[in-house]
Structure formats: structure tokens, C-alpha cells
Amino acid sequence: MPDVNASPSAGPLAAGQVAPDFILASTPDQLLSLSDLKGQPVILAFYPADWSPVCGDQMGLYNEVLSEFHRYGAQLLGISTDGVWCHAAFAGERKLHFPLLADFEPKGGVARRYGVYREHEGTSERALFVIDGEGIIRWSYVSPVGLNPGADGILDALDALATPPRHAGAVS
């Protein structure tokens, strides 16, 4: 089986590119892969570290608007280079109701494939990707690491996925 967590990329992946598959731990004894979620939109929220104030605020906000993401049939996945036990404690303390995935070993392997690994810090960028049900990135955004990017961009991207494209010559 090929290592789906290998091969780094240069710069953040952009809309229109195929989202690299991955397999990461969601708990000490469970793995989750992007391909497990094929057929539904997926939101990848890369963040630098559990327990930091901005990350806590960002993940807390996403937890609050989770029902809006679910209204679009979307699955939210938080991803950082922290380990599963750190994620479990953080999710429990924050009462998060979505998976936090450990991009721990090889450290930052998935963040590298998405072009959002911060080599000098050993963490990921604060980056968002909205992926359609066919595995194509439809929106991506990298926020300054010290700023919470909010949820508006994600909701706009999900709305665009849900809205049928208008074709030239279509009658309104």
C-alpha cells in the first residue's frame, strides 16, 4: 500500500486541484482517511496547535457553527501536528463535536502535501480547504497564524458547492 501521507508540495494547494488522500489517527485506536468521506463535502481546518488561544477560539467557533456545516452535508476535520492524546484532552475540554486528526508521525506529513507546513516551527499554517464530494479542492485560504479566519469563507464555499452553476445561454 502506498504511503498516502508522503511527498511534500510547494505552496498551498489551490482550488481545482485534487485533494491528496491521507490516513490520520482520530483517536488512539481509530484512523480516518479522506477517501472514507468521498461523496460529501469536507472542510479541512489545519491549525498550529491545541491549547493556543487563537486555535482554541477558532475550533470553538467551528463547533458553534457545526450545524451550519452539516446543513450542507459537510464534514469538518481539524488537523494539527499535535498527538492524539493532546487532541483528546483539548477536544474534551472544549467540548468539540468533530474529529481532530493527528498529523504527528511523520510530523506534518499531510500539512506538507497540502503545502501548509511551517518547517521552522514544526506546525502547520492556519489553513482552510473546502473539498467537494469528488475530492476536488473548491476553496482554500491561508490566514495569518495569529488571526482566527472565522467561518464566513467556509460557508460561502459550501454555498457555492450547493448552488448549481449557471450555464451560458440558460434562460432565467
Quiz item: In this structure, does Asp82 turn out to be assigned to a loop (DSSP other than H, G, I, E, B) and either of a type in the set (Ser, Thr, Tyr) or under 17 Å from Leu128 (Cα atoms) (or both)?
Solution: no
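Can you work out which of the residues in the range 8-18 that are more than 14 Å from Ala127 (Cα to Cα), modelled with pLDDT under 95 and not hydrophobic (A, V, I, L, M, F, W, C) is surrounded by the most Cβ atoms within 10 Å (Cβ to Cβ)? Walk me through it before giving the result.
Residues of the range 8-18 that are more than 14 Å from Ala127 (Cα to Cα), as a first pass: 8-10, 16-18.
Then keep just the ones that are modelled with pLDDT under 95; that gives 8-10.
Remaining after also requiring not hydrophobic (A, V, I, L, M, F, W, C): 8-9.
On the way: Pro8: 13, Ser9: 15.
This residue is Ser9.
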Practice problem: Report yes if Gly153 is without any contact (Cβ under 8 Å) to a residue 60 or more places away in the chain and of a type outside the set (A, V, I, L, M, F, W, C), otherwise no. | Solution: yes
Exercise. Report, ordered by the first and then the second residue, all pairs with beta carbons closer than 8 Å, sequence separation of six or more or different chains, a first member in the range 16-31 that is closer than 11 Å to Pro99 by Cα, and a second member that is aromatic (Phe, Trp, Tyr).
Key: Ala25/Phe104
Practice problem: Go through the residues of the range 82-96 one by one and say whether even a single one is surrounded by 18 or more Cβ atoms within 10 Å (Cβ to Cβ), more than 19 Å from Ser140 (Cβ to Cβ) and touching a helix residue (DSSP H, G or I) at 6+ places or on another chain (Cβ under 7 Å). | Solution: yes
Quiz item: Of the residues Leu32, Leu77, which single one is touching a Pro at 6+ places or on another chain (Cβ under 7 Å), surrounded by fewer than 18 Cβ atoms within 10 Å (Cβ to Cβ) and outside any helix (DSSP H, G or I)?
Solution: Leu32
Quiz item: free of Cβ contacts under 8 Å to residues at least 60 places away in the same chain and of a type in the set (Val, Ile, Thr) - does that describe any residue in the range 52-62?
Solution: no
Exercise. Check off (1) more than 16 Å from Ala19 (Cα to Cα); (2) hydrophobic (A, V, I, L, M, F, W, C); (3) in contact (Cβ under 8 Å) with a residue 24 or more places away in the chain; (4) part of a helix (DSSP H, G or I) for Leu96 and give me the number that stays unchecked.
Key: (4)
Quiz item: Of the residues Ala89, Ala127, which single one is of a type in the set (A, V, I, L, M, F, W, C), in a helix (DSSP H, G or I) and modelled with pLDDT of 95 or more?
Solution: Ala89
Quiz item: Quick one: is Asp21 among the charged types (D, E, K, R), at pLDDT 95 or above, in a loop (DSSP other than H, G, I, E, B) and farther than 22 Å from Gly153 by Cα?
Solution: yes
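With Gly115, Gly150 as the choices, which residue is assigned to a loop (DSSP other than H, G, I, E, B), at pLDDT 95 or above, surrounded by fewer than 19 Cβ atoms within 10 Å (Cβ to Cβ) and within 15 Å of the chain's Cα centre (by Cα)?
Working: Gly115 fails: surrounded by fewer than 19 Cβ atoms within 10 Å (Cβ to Cβ).
Only one candidate passes the filter, namely Gly150.
The values are calculated or read from the model by the stated rules, or taken from the named source; none is laboratory data. Predicted, not measured: the structure shown is a model, and the values here were computed from it. Virtual Cβ from ideal backbone geometry, glycine too; neighbours counted across all protein chains shown.
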